[in-house]
Amino acid sequence: MEEKNTNKTASKKNKSSVQQFYDKHMAEFRKIIWPSRQTLIKETVTVICLSLVVGAIIWGYDEVFSYLYSALVNFVN
């Protein structure tokens, strides 16, 4: 009989811990401040522009190093 009581107690603790987890999760979810549409668009455009600039810089370095490598190989041969 005592085993059945402990199992019931354990399941009640699990339910309460699940409920506590859910309550804490929802409390944190309510703290989220979603950006406005204007802010979201502005930040998205910024990320896209910076990605293009960094991509162009990497492309430029790749072209320079490819040219230098080809010149070095042709110089040696």
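No lab work stands behind these numbers, since they all come straight from the coordinates. Being a predicted model, the structure only gives us computed values, none of them experimental. Don't worry about glycine lacking a Cβ; one is built from the backbone with ideal geometry, like all the others, and counts go over all protein chains shown.
Some values worked out for this structure:
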{"item": "Distance between modelled label sites at residue 56 and residue 33, nm, 7 Å Cα→Cβ extension", "result": "3.4"}
{"item": "Derived scalar couplings ³J(HN,Hα) [the range 68-77; Karplus, 6.51 cos²θ - 1.76 cosθ + 1.60; whole Hz; x for Gly, Pro]", "result": "5, 5, 5, 5, 5, 5, 5, 5, 5, 7"}
